[in-house]
Amino acid sequence: MSACQASRTKQVLTMSVRQPWFGLGLLLYVTSFFLVATGAASPVGRLIGFECAYFAADLPLTDTPFRPDSTFYHLPFVYFSVLVSGLINPGFLAYATLAGLKRRPCTQRMLRLALISMIPFCWFVFHFFRVYPREGHALWVMGILLVLFSSWKQVAERLA
């Protein structure tokens, strides 16, 4: 390749699941469900990862902001944050399935963007319930991010 041709190449990000990072991300994700995910001054605020996932998925279904006796009656943003937090795990599993099967790259890109933008809603929920993230939550986020970004690689693309 001549110097002229070399200057006409650029680095492009393409999708290709890199198995070691994808597998490590899934391992971290699964492991996080068995570690302490939240902490608080009282033992009531300490939840294991799977309890936290169940709480985030179940609470929006059982405690809606439309009832006067609801926890979220005057707090629609907190309710929305809990609802979004509860949708992260199903969305992630859908992404991991699509990425593992190497199907629907457009859907994968949309899910990746959605999942990344959903993670900060967990922190609003933590603040409202006066708990703080612990090692289970950190491992959960790292596992998700490893899986989401395990499919990026740089390849040289020639410009015409």
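The values are calculated or read from the model by the stated rules, or taken from the named source; none is laboratory data. Worth saying up front: this structure is predicted, and the values here are computed from it rather than measured. Neighbour counts are summed over all protein chains in view; Cβ atoms, including those assigned to glycine, are modelled from backbone coordinates with ideal geometry.
Among the residues of region 94-103, is any assigned to a helix (DSSP H, G or I), closer than 21 Å to residue 35 by Cβ, modelled with pLDDT of 95 or more and not basic (Lys, Arg)?
Residues of region 94-103 that are assigned to a helix (DSSP H, G or I), as a first pass: 94-101.
Narrowing further to those that are closer than 21 Å to residue 35 by Cβ: 96.
Remaining after also requiring modelled with pLDDT of 95 or more: none.
Looking through region 94-103, none of the residues is assigned to a helix (DSSP H, G or I), closer than 21 Å to residue 35 by Cβ, modelled with pLDDT of 95 or more and not basic (Lys, Arg).
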- Listed by first then second residue, the pairs whose first member lies in region 25-44 and is farther than 11 Å from residue 141 by Cα, whose partner is acidic (Asp, Glu), with beta carbons under 6 Å and at least 6 positions apart or on separate chains, are 35/135
- Query: Looking at residue 56, is it farther than 21 Å from residue 120 by Cβ, crowded, with 19+ Cβ neighbours inside 10 Å and not acidic (Asp, Glu)?
  - Reply: no
- Output the residue which, of all residues in region 44-53 that are in contact with a Gly (Cβ under 8 Å, 6 or more places away or on another chain) and over 19 Å from residue 92 (Cβ atoms), is surrounded by the fewest Cβ atoms within 10 Å (Cβ to Cβ). 45
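Determine whether residue 107 is within 29 Å of residue 79 (Cβ to Cβ) and at pLDDT below 90.
Values: within 29 Å of residue 79 (Cβ to Cβ): yes; at pLDDT below 90: yes.
Yes, satisfied.
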- Message: Is it the case, given these coordinates, that residue 106 is closer than 21 Å to residue 64 by Cα, part of a helix (DSSP H, G or I) and not aromatic (Phe, Trp, Tyr)?
- Response: no
- How many residues are crowded, with 16+ Cβ neighbours inside 10 Å and either among the aromatic types (Phe, Trp, Tyr) or assigned to a loop (DSSP other than H, G, I, E, B) (or both) when one looks only at region 22-35? 4
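Give the residue, chosen from 38, 71, that is modelled with pLDDT under 90, surrounded by 13 or more Cβ atoms within 10 Å (Cβ to Cβ) and outside any helix (DSSP H, G or I). Working first, answer last.
On the way: 38 fails: modelled with pLDDT under 90.
Just one listed residue meets the conditions, 71.
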- Note on the structure: For region 81-98, the count of residues that are touching a residue at least 40 places away in the same chain (Cβ under 8 Å), farther than 14 Å from residue 113 by Cβ and of a type outside the set (S, T, N, Q) equals 2
- Out of all the residues in region 108-144, which are crowded, with 21+ Cβ neighbours inside 10 Å, over 18 Å from residue 83 (Cα atoms) and touching a strand residue (DSSP E or B) at 6+ places or on another chain (Cβ under 6 Å)? 136
